[in-house]
Amino acid sequence: MIRQAKGKTPRRPPKKPSNNQKDPVGVYCRVRPLGAEDEECCIEVISNTTIQLHAPDGLKANRNGEFKETQYSFKKVFGIKTTQRELFADVAKPLVEDLIHCKNGLLFTYGVTGSGKTYTMTGSPGQGGLLPRSLDMIFNSIGPYQAKRYVFKPDDKNGMEVQNQVDALLDRQKRDSQTSVPKTPTTRRIDPEFADMISPEEACKAGEVDEDSSYSVFVSYIEIYNNYIYDLLEETPFDPIKPKWNGAGTPLRNTIEFIPPQSKILREDQNHNMYVAGCTEVEVKSTEEAFEVFWRGQKKRRIANTQLNRESSRSHSVFIIKLAQAPLDADGDNVLQDKSQVNVSQLCLVDLAGSERTSRTRAEGNRLREAGNINQSLMTLRTCIEVLRENQMCGTNKMVPYRDSKVTHLFKNYFDGEGKVRMVVCVNPKADDYEETLLVMRFAEMTQEVEVARPVDRPICGFAAGRRQRNQAFKDELTHRLEERGGPVDGESPTVLNQLLQSFHPLPPCEISGPNDDVTLPRLIDALEKRHKIRKLMVEEYNKTANMLKSVLQEQDSNLLSKENFIQEQRGRLGEKDKMIQNQKNEIDRLEKKSKMLEYKIDILQKTTNIYEEDKRSLQHELESREQRLQREMSEKRRMETRMQGIVTDAKLKWEKECERRVNAKQLEMQNKLWVKDEKLKQLKAIVTEGKTENRQPQRPSREKDKVPAKRSVSPSPVPTGPLVRPLHRRSHSAGGERWVDHKPTTNVDLDTVLQPNIPNAIKVNAPNEKALSKCDKYVLTHQEFASDGEIQTKLIKGEVFKTRGGGQAVQFTDIETLKQENPVAASRKRRSSETGPDGEPMERNWTNVETRCSVAVEMRAGSNLGPGYQHHGYPKRRKP
């Protein structure tokens, strides 16, 4: 309800009456019939408030492969046999009654394409939808109380102003003179597309219409496409609906010119109400005229869709009905010129675009982008509903994103408490729409949990009721009295009135015959005195009648006021009863919501329990597997401990033997040193006692200058880490049938000798590796070093390959073959295997001996990457003390 002064936007009272009562959004469901009888159906109407969805064949709704059936509840469910009249009586009729009583309303249809939204809103000939029935009910209710055209005039700021009778008359004359189409003598034909939308027997009207007010209806029709707003009633220089006319009054062919529509913008008035700036508002005086305006906009929409290659199902259409009303003045004759008393209420009928997903539209290019924008606007509507629901149920204060879409921005006032909101969910029961219908049902279930503040009733003005009726009665009475001038007056006998009326005799002749005429003047004076007396009697009678009528009217007013007080008292009691009933309903709704919430929590707890049980089973299984693994590791650990104890015992025994060997070797070395010292002492004693004799000189150790320095080996020598193996002096088996690993270091020198070692069926390597050793059972190392005479001698160090307990390969050397090249001219001199040091003591050259270096076992462990610097894990050859 909007109040308006001229030149200003509607102004509300300084403080709105507080009303904490809220009503949920009324959500209704309508099921359309199937297109074919043999088509699969996925929706079943359980009751007048509940429907059930069945998953179609081939679609498994849960992990167990069973069909999941889901039930959804609404305020009311309309089956396939529901008529348009029944749907209107339950859904739109209360909104029309609120419109007449200065309350706003919003009604929109929601569903996928082909679910019956347009049929529900518009209907067909003989089966009018919600829109034509709403218009028909409005005009049936306010028909006798409509103001003349142009008494109410829009101010282009979402308000109305009242014109005086003269300005309204001038505007009517201007409209009559500006007819764009010449009138023909024949009667105007009604468009068959909207003719007979409603049969006369289905007409209805609202009760308790204020007879002391004057009404006018204004309609506007807009379209929201691709998040742009277009005015479908806007007049263009070349209107696509109206053809050009020639002088004879016939339309010209092929002269219709299409002009693309211009988009409109949304604005906010002084009271924060949203409206479409510059939108055309047409004043209509009948149902036919209003629906003709709607159909003109519908045709313009079709032409625009055809010319611009658009789909009508991908746009939102909004038909706005504004009802302006103002009270009559105290006389009950004209509209009250107090413009602050003008009230404007509106009813918005919205046909939303199809809510199917973009992939289902099979659109491409621009159409795909436009379909995405439409889906984005519907998604914004869902988001706003979700935020409103969360704010109301959880007590939060999140900002509702109304401005993200033109649809939600335009209707945000309704969700903030400016009127009732109702939604009709249209569904198609065919199986192909199951997934889309499931999404629609979830949105509808969430929407009906949102509550909107109930609008407050306000009186229009402080004048007494029944002014129009009393004024009309007074006019009828006055007309009746004037028509019956000779009739009796109430409270007076007919004889007196007749005497008064018959006493008006014609005046006597007024001509004076002469100066002595004493008859004419007295006769005239007597006639005038009689007329004066009759006039006094008539004035007294008129005053008496007026006072009596005034007393009668006052008595009637007092009776009427007492009756109104009684009615108000009864209404107050009825209101209290209604409040009690509403409180009980609210309590029932609260308990039902609580029950649903508890059921939902029980389901969640059941699911959580199942999840915990599954986790428990998985953890138990994992614990058992880890226990088994731990037992295996413990057994492996015990085996490793046993194995390591054996290895430690073997190593301990070996080191004890090695220590014993080294002690024996050291003892032998010390004995040799003592023998040398004894020999020296004996020689010194012989010199002292017997003198110098050349023939009996003892054998002296070789001099330092006679020593030949040890030559470095040409090939790398392995580092001994274990006991040596006693070399066996036997013939070489290199010519046998075993598989050999021929190890020739890259540092060897190529000798041009006639005899060369030839090992057939051998794997030649520069460095030993596990892969080669695993394929062979024999091993040979070609080693070169300098002999005592300075020549290079070649040694073939042979061994056997065997596997170790650690998973690797080990080589145990068993034989050495020596190939030596000599110069016959050079003097050969044998060298001792060990040389003495400067003090005459023998030098330890165990690891310069090739036999010692090669008499070790080489162990290759699994996964090792051996190169030239590999380590020897072997056992050195034992030597006898």
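The values are calculated or read from the model by the stated rules, or taken from the named source; none is laboratory data. As the structure is a computational prediction, the values presented were derived from the model and not from experiment. Glycine also receives a Cβ, built like all others from the backbone with ideal geometry; neighbour counts cover every protein chain displayed. All accessible areas refer to the heavy atoms of the entire protein, side chains included, with ligands and DNA or RNA removed. Shrake-Rupley method; radii C 1.70, N 1.55, O 1.52, S 1.80 Å.
Among the listed pairs K205/K322; K93/K577; K22/K412; K76/K398, those whose Cα-Cα separation exceeds 21 Å are K93/K577; K76/K398.
Only protein heavy atoms count here; on that basis, with a 1.4 Å probe, W655 has an accessible area of about 150 Å². Within the shell defined by Cβ-Cβ distances under 15 Å, the residues around N565 carry a net charge of 0, with Lys and Arg each +1 and Asp and Glu each -1. In this simple spin-label approximation, N48 and T520 carry label points 7 Å from Cα along the Cα→Cβ vector, and these lie 9.4 nm apart. Computed from the Cβ-Cβ distance with R0 of 41 Å, the FRET efficiency linking S340 to K585 stands at 0.65. The Cβ shell under 13 Å around T109 holds other residues with a net charge of +3, Lys and Arg each +1, Asp and Glu each -1. Sorting the segments 106-119, 632-645 by their residues' average number of neighbouring beta-carbon atoms within 10 angstrom, most packed first, yields 106-119, 632-645. If you plug the beta carbon distance of L819 and A665 into 1/(1 + (r/R0)^6) with R0 = 35 Å, you get a FRET efficiency near 0.65.
Seen from V754, the other residues with C-beta closer than 15 Å to its C-beta sum to a net charge of -2, counting Lys and Arg as +1 and Asp and Glu as -1.
Put a plus charge on the Cβ of each Lys and Arg, a minus charge on the Cβ of each Asp and Glu, and nothing anywhere else: the dipole of the range 775-822 about its Cα centre is then about 480 debye.
Note on V749 and D789: the model spin-label points, each 7 Å out from Cα along the C-beta direction, lie 1.6 nm apart. Summed over the residues of the range 496-688 and divided among them, the accessible surface reaches 88 Å² per residue at a probe radius of 1.4 Å.
Taken about its Cα centre, the range 496-688 carries a charge dipole of roughly 2800 debye when the Cβ of each Lys and Arg holds +1 and the Cβ of each Asp and Glu holds -1. Figure note: C279, C394, C29, C659 ranked by solvent-accessible area, largest first, 1.4 Å probe, ligands and nucleic acids not counted: C394, C659, C279, C29. Placing +1 on the Cβ of every Lys and Arg and -1 on the Cβ of every Asp and Glu, with nothing else charged, gives the range 595-652 a dipole about its Cα centre of roughly 240 debye.
The range 496-688 gives an Rg/Rh value of 2.13, both radii derived from C-alpha positions and Rh following Kirkwood.
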